[in-house]
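Each reported figure results from applying straightforward, stated rules to the coordinates on display, with no laboratory input. Quick caveat, the model's predicted, so the values are computed rather than measured. Every residue, glycine among them, receives a Cβ derived from its backbone with ideal geometry; neighbour counts consider all protein chains shown.
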């Protein structure tokens, strides 16, 4: 696979590494965004090590500066292993 942009999420040097540790991102029941994304929407992110996964989880759990003060993000983060 060719990688032509440096900003791609996949590092070509580790693209074929086994990724057993993951993070499931979903929405809580009753979240109004489910009307747009669907009741069963989820996004999975996979990592080759538990340490990398835990580091990414901590970063994802922080409320970032792009939210307005009145916004209340409702994503549900769950650590998973396959």
What FRET efficiency comes out for residue 72 versus residue 25 if R0 is 22 angstrom and r is the Cβ-Cβ distance? Round to the nearest 0.05. 0.85
Any chance you could tell me what percent of the C-alpha pair distances in the chain go past 22 Å? 40
Which whole-number percent gives the relative contact order of the stretch 21-81, counting Cα pairs below 8 Å spaced six or more residues apart? 55
Go ahead and estimate [θ] at 222 nm for the chain from helices alone: -39,500 (n - 2.57) per DSSP H run with n ≥ 4, summed, over the residue count, rounded to 500. -5000 deg cm²/dmol
Could I have the simple spin-label model distance between residue 79 and residue 39, label points 7 Å from Cα toward Cβ, reported in nm to one decimal? 3.1
Sort 32-39, 74-81, 20-27, 51-58 by packing, meaning the average of other beta carbons within 10 Å per residue, with the highest value first. 20-27, 51-58, 74-81, 32-39
